[in-house]
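Participant: What follows is a single structure, and I will ask about it in a moment.
What follows draws every value from the coordinates through simple rules; no lab data is involved. These numbers come from a predicted model, not from an experiment. Positions of Cβ are generated from backbone atoms using ideal geometry, with glycine treated the same way; all protein chains shown enter the neighbour counts.
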Amino acid sequence: MHFSKLFTHCPVCGASSFGPNNEKSMICSNCEFVFYVNASAAVATFIRNEKGDLLVCRRAKEPAKGTLDLAGGFVDENETAEEAVSREIAEELQARLTHAEYLFSLPNSYEYSGMSIPTLDLFFSCQLEDTTKLIPSDDVEDCFFLPLNQVKPSDFGLSSIRKGVEIFLQSTQS
């Protein structure tokens, strides 16, 4: 659901005169507070083992619980995208990042708590210190490597990840 449908009162003064200002903001006609909803940054990782297989994760939580995903998550406040990649890999896989290279970005809409949150997903190619002892943790139910010819974008539950996997697979065929 779009944020403008969820918020009916101004978060500053509490007035019910809180309404649309433009497509990405709301304004309070009582205190003139303007609330913007901009894209949140998120990271996603392409990790391959020594055979060239791709690491995929199974989501343990909604949205898209049970579908395939890539390791990653939201960038925290005062954190670079590269720091977020390293932190997310440690949290979700109990692994240590040795190299991350930015590849591309895609816009996404992330459904959470009944709200559609705009995100900008930053995709990285990553190398880990050890790919043989990964421990699924945090919001990852399971993780495993798939040969590239067995990776199906339709198995990925989040639209930007699905699109990112398509782009990644096309780039490996060049």
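Participant: Which residue fluctuates the most in the chain, going by a Gaussian network model with Cα springs under 10 Å, if the choices are L120, L103, L68?
Facilitator: Between L120, L103, L68, it is L103 that shows the largest mean-square fluctuation.
Participant: Still on this structure: Lys/Arg Cβ at +1, Asp/Glu Cβ at -1, dipole of the range 27-169 taken about the Cα centre: which of Y36, V85, I167 is farthest positive-ward?
Facilitator: I167
Participant: Excluding residues on the same chain fewer than 8 positions from K163, give the aspartates and glutamates whose Cα lies under 12 Å from its Cα.
Facilitator: Cα-Cα hits under 12 Å: D69, D121, D155.
Participant: In whole Hz, what ³J(HN,Hα) sequence does the range 96-112 give by Karplus (6.51, -1.76, 1.60; θ = phi - 60°), x for Gly and Pro?
Facilitator: Computed from phi, the couplings for the range 96-112 are 10, 6, 10, 7, 9, 10, 5, 10, 6, 10, 9, x, 8, 10, 9, 7, 8 Hz.
Participant: Nearest 10 degrees is fine. How inclined is helix 81-93 to the longest principal axis of the chain, computing both from alpha carbons?
Facilitator: 60
Participant: Once you place label points 7 Å from the Cα toward the Cβ at F7 and Q170, how far apart are they in nm?
Facilitator: Going from the F7 label point to the Q170 one covers 3.6 nm.
Participant: Same structure, new question: Based on the Cβ-Cβ distance of S25 and A60, what FRET efficiency does E = 1/(1 + (r/R0)^6) give at R0 = 35 Å, to the nearest 0.05?
Facilitator: On the way: r = 34 Å, r/R0 = 0.97.
My answer for the efficiency is 0.55.
Participant: Explain nothing, just the number: dipole magnitude of the chain about its Cα centre with +1 on each Lys and Arg Cβ and -1 on each Asp and Glu Cβ, in debye rounded to the nearest 20. It would help to have the intermediate numbers written out before the result.
Facilitator: Working: 14 positive and 25 negative charges, 110 e Å.
So the magnitude is around 520 debye.
Participant: Need the list of lysines near K5 for cross-linking: C-alpha distance under 23 angstrom, and skip anything on the same chain fewer than eight residues off.
Facilitator: K24
Participant: As an exercise, use a Förster radius of 22 Å and the Cβ-Cβ distance of N78 and M115 to find the FRET efficiency, rounded to the nearest 0.05.
Facilitator: Values: r = 24 Å, r/R0 = 1.07.
So, using R0 = 22 Å, E works out to roughly 0.40.
Participant: Taking springs between alpha-carbon atoms closer than 10 angstrom, which of E101, E77, E129 fluctuates most in the Gaussian network model of the chain?
Facilitator: For the chain, modelled as a Gaussian network with Cα springs under 10 Å, the answer is E77.
Participant: Still on this structure, I have one more. Per DSSP H run of n ≥ 4, the term is -39500 (n - 2.57); total these for the chain, divide by its residue number, and report the mean residue ellipticity at 222 nm rounded to 500 deg cm²/dmol.
Facilitator: Numbers: 3 runs with 31 residues, N = 174.
Dividing the helical sum by the residues of the chain leaves -5500 deg cm²/dmol.
Participant: Would you mind telling me the antiparallel percentage of the DSSP bridges in the range 68-174, rounded to 5? Please list the in-between numbers first.
Facilitator: Values: 14 of 15 bridges.
Taking every DSSP beta bridge with both residues in the range 68-174, the antiparallel ones total about 95 percent.
Participant: Sequence gap at least 6, Cα distance under 8 Å: using those rules, report the relative contact order of the chain to the nearest whole percent. Please list the in-between numbers first.
Facilitator: Working: 349 pairs, mean separation 41.8, N = 174.
Reported as a whole number, the value is 24 percent.
Participant: State, as an integer percentage, the relative contact order of the range 97-174 based on alpha-carbon contacts under 8 Å between residues 6 or more apart.
Facilitator: Working: 73 pairs, mean separation 20.7, N = 78.
Relative CO of the range 97-174 lands at 27 percent.
Participant: Give me the angle, in degrees from 0 to 90, between the Cα long axis of helix 159-172 and the longest principal axis of the Cα atoms of the chain, rounded to the nearest 10.
Facilitator: It works out to around 30 degrees.
Participant: Okay, moving on. Please give the net charge around D139, taking every other residue with its beta carbon less than 14 angstrom from that of D139, where Lys and Arg add +1 and Asp and Glu add -1.
Facilitator: Working: positive: R58, R59, K61, K65, R87; negative: E62, D69, E88, E91, E92, D138, E141, D142.
Combined, the nearby Lys, Arg, Asp and Glu give -3.
Participant: Of the listed values (1) 11.1; (2) 12.4; (3) 10.0, identify the label whose number matches mean projected area of the Cα convex hull in nm² calculated from this model.
Facilitator: (1)
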